[in-house]
Amino acid sequence: MKLERIELREVTARLKFRFETSFGVEQDLRKVLLTLHTEGVEGYGEATAGIFPGYSYETTETVWDALKHHITPLVLGKDFATPAQLLTALLPIRGHNMAVAALETAFWDAQAKAAGLPLWVLLGGVRTAHPVGASLGVQESVEKTLETALAHAEEGYKRLKFKIKPGWDVQPLRAVREALPEIPLTVDANSAYSLTDARVFGQLDELGLDYIEQPLAHDDLVDHAQLQGMLVTPLCLDESIHSPEDARKGLQLGAGRVINIKVGRVRGHLLARRTHDVALSFGAPVWCGGMLELGIGRAHNLHLSSLPGFTLPGDTASASRYWDEDIVEPILDAEGGMQRIPDGPGLGVTLKRDLIERLTLRREVF
Ligand code: OSB
Ligand code: MG
């Protein structure tokens, strides 16, 4: 497929809620959307980076810069038969996985559309619906935490994940566990702790959590392995995993027993699939992480979640939980805690072009 034209757009998106994590608060987001024009079809990608480099060094600005100045010049006007070939052309670029993934995922969408197949079929998926959980930010009180937990359990979410940070961990989670003794419950620390906090983890270990997500440093596997050795609860790696190799090393070391796969963090679908394959070979379950995506990114996440190893509920909650209005149709909402993967060629969604135009802050065509 010849990459004839690439359009970048930066759009604003206001979350319905204030989302607090150990690294900050997000509500007004800016996202980069990418449209790839190739041989009569359009492929769509969405960069998952946030405005602030709290989760990853990549940001809305670095994604734009990398796509404009480094990625597009390496591939524009060239012909690629497969995503693997496209990635090979981008090998000189170190990192910037979220920027690369915006293009790589658009390429998959275009290929699936050209083949007249849903993306999940091209990816090798095995199911058309999957269970979803909700990722819930740090709340202002234990009372609010309980209220949020009960509301999302009521909506049918199959797993609740609460963000924690030092000073806001055992107490709210204990309260949720008492109120909802049976619900699959997890916590996500986004790297806010160190091994000196072993006592906190000892207490969390008693709550029957499905896993504890990324408790320690973003670039650490060794300390995670040490912590895992002290706990019954599995650790889940998020920030630490940028490639299939990272997954192999993490699982080999015993740094965790579950992996959160995010398409942007691992450079797109091809490497997300390989990361999934590595985890499967270790018998480690994976789930699809979220980055507060708009409809294009959410649709990509849903298609990826059709692979056999995605056996745990993903952070692929209903679009209407996040947005008053999303940028694609149909609306990607879960029912009874299950998300259906959209059918039709490619992503199986159409863009709401007028809305996107209204949300656009800048646009550039290459
Ligand atoms: O750690 O999984 C994370 C959002 C932004 C950055 C990092 C994370 C998250 C979430 C939200 O947990 C997941 C979602 O609902 O999209
Ligand atoms: Mg996480």
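The values are calculated or read from the model by the stated rules, or taken from the named source; none is laboratory data. In this text, all values refer to a predicted model and were calculated from it rather than measured experimentally. In this analysis, Cβ positions are derived from the backbone assuming ideal geometry, glycine residues included, and neighbour counts consider all displayed protein chains. These area figures cover heavy atoms from the full protein model, side chains too; ligands, DNA and RNA do not enter into them. Shrake-Rupley method; radii C 1.70, N 1.55, O 1.52, S 1.80 Å.
Just a few scattered comments:
- Here the chain is treated with +1 on each Lys and Arg Cβ and -1 on each Asp and Glu Cβ, and its dipole about the Cα centre works out to around 640 debye.
- Residue by residue, region 53-62 carries 3J(HN,Hα) couplings of x, x, 8, 8, 5, 6, 9, 3, 5, 5 Hz when phi is fed to the Karplus relation 6.51 cos²θ - 1.76 cosθ + 1.60 (θ = phi - 60°); x denotes Gly or Pro.
- Per residue, the chain exposes an accessible area of 38 Å² to a 1.4 Å probe, with every protein chain left in place.
- Restricting attention to the chain, the count of lysine pairs at 8 or more positions apart or across chains with alpha carbons under 21 Å apart stands at 22.
- Net charge over other residues, Cβ less than 14 angstrom from the Cβ of Pro172 (K, R count +1; D, E count -1): -1
- Computed over protein heavy atoms with a 1.4 Å probe, the carbon and sulfur contribution to the accessible area of the chain reaches 52%.
- Between region 50-77 and region 240-309, the C-alpha centres lie 21 angstrom from each other.
- Modelled FRET efficiency - R0 30 Å, Ser320 with Ala175, Cβ distances, 0.05 increments: 0.65
- Pairs of alpha carbons in region 1-146 whose separation is greater than 22 Å (percent): 49 percent
- Our estimate of slack between Asp277 and Lys249, defined as 0.36 nm per intervening residue step minus the Cα-Cα distance, is 8.7 nm.
- Shape analysis of region 122-350 places it in the oblate category; the axes a ≥ b ≥ c from the Cα gyration tensor give an a/c of at least 1.5, with a/b not above b/c.
- Whole-Hz couplings from phi, Karplus 6.51/-1.76/1.60, listed for region 80-93; x for Gly and Pro: 10, 7, 9, x, 4, 5, 4, 5, 4, 5, 9, 4, x, 8
- Model label zone, Thr128; criterion: amide N under 15 Å from point 7 Å along Cα-to-beta-carbon; scope region 313-352: 339-349
- Dividing the helix sum by the residues of the chain, where each DSSP H run of 4 or more adds -39500 (n - 2.57), gives a mean residue ellipticity at 222 nm of -9500 deg cm²/dmol.
- Calculated over region 285-366, the projected area of the Cα convex hull averaged across directions stands at 6.6 nm².
- The packing ranking of peptides 20-30, 316-326, highest mean first, is 316-326, 20-30, where packing means the average number of other beta carbon atoms within 10 angstrom of each residue.
- Principal axis extents of the C-alpha atoms in region 91-214 (largest first, rounded to whole Å): 52, 38, 24.
- Note on the chain: antiparallel DSSP beta bridges, both residues inside, total approximately 60 percent of the bridges counted.
- Of the trypsin sites (Lys or Arg not before Pro) found in region 44-143, those in coil by DSSP whose Cβ has at most 16 other Cβ atoms within 10 Å are Lys78, Arg94, Arg127.
- Relative contact order for the chain: 21 percent, from Cα pairs under 8 Å spaced at least 6 residues apart, divided by residue count.
- Share, in percent, of DSSP beta bridges within region 139-221 that are antiparallel, nearest 5: 10 percent
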